[in-house]
1. Taking a quarter of the surface of the Cα convex hull of the chain, what do you get in nm²?
2. Give me 88, 4, 69 sorted ascending by neighbouring Cβ count inside 10 Å, so fewest comes first.
3. For 204, 102, which order do you get if you count the other beta carbons within 10 Å of each Cβ and list the fewest first?
4. Largest first and in whole Å, what are the equivalent-ellipsoid semi-axes of region 171-230 based on the Cα gyration tensor, each being the root of 5 times an eigenvalue?
5. If the cut-off is 27 Å between C-alpha atoms, which lysines fall inside it for residue 162, apart from same-chain ones fewer than 8 positions away?
6. For the charge dipole of the chain, defined by +1 on Lys and Arg C-beta atoms and -1 on Asp and Glu C-beta atoms about the Cα centroid, which residue among 139, 201, 121 has the Cα displaced farthest towards the positive pole?
7. If you wrap region 95-230's Cα atoms in a convex hull and average its projection over all directions, what's the area in nm²?
Amino acid sequence: MHPDLVAISNLWQLDHQNDRLREEHERLATAVRAAAAALKAAEATTLGATAERDRVTTATRANDRELADYADKRERTRKMIDTGTAPDYPAAERQLAQVLEIVDRLETVALELLDSAEIAATALAAAGREQAQAVTALADARVALGARDAPIRSELTELIAKRPPLADEVRAELRATYAQLRQRKRPALVNTVENMCQTCQTRIPTQRVVETTLARAIHNCPGCGAWLLP
Ligand SMILES: [Zn+2]
């Protein structure tokens, strides 16, 4: 390989390793953020499900009390009618009819509340499971980040220390091109197969490929600008 290409390749490998480590760290950190957000959402769901269960419980208690009151009233009115102690018989009959109607309505409400209570309990149990899973997922994501955080940082520190001498090996007039490719997040080196750049599929003049292969010169791909590898 041409010595200029060797120098570029060494620098590129280091920078590429640097990119990979940063990407890995970012991926792990993103996973922690996503898991934390998922837990927050699960907690909100649990809170909502708890509020709904409490609302149903309160409504059920109130309905049960009202139902008990009207059941009492029904019994008292019936007794007055049955024993003939009602001061105003037709009024007592009307009252009984009214009370029976109310009891009927309250019993329907009681059944509806029973359904609502079951739905609320199911939702709360599901929310609890989801929250427990979210807690585990967040813990796992934190462990994964924690396990790689220090090694990645120390490796990056090493790479940063190793870089200046490698960068010095690249001739000054090639460094600007290299920096441009890095800035554009393009690979600095590309393989060719049958005179085609494997990154951008541009056809490379045969002479450039031959000179590269024989290490007589270094050339860039006319398409993506990366240096051609032999
Ligand atoms: Zn190319």
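1. With the hull built on Cα positions only, its mean projection is 22.0 nm².
2. Working: 88 10, 4 17, 69 14.
Going from sparsest to densest Cβ surroundings: 88, 69, 4.
3. 102, 204
4. Values: eigenvalues 70, 40, 11 Å².
So the three semi-axes of region 171-230 are 19, 14, 7 Å.
5. 185
6. Farthest towards the positive pole: 201.
7. On the way: hull surface 72.7 nm².
So the Cα hull casts an average projection of 18.2 nm².
Each reported figure results from applying straightforward, stated rules to the coordinates on display, with no laboratory input. Computed from a predicted structure; not experimentally measured. Every residue, glycine among them, receives a Cβ derived from its backbone with ideal geometry; neighbour counts consider all protein chains shown.
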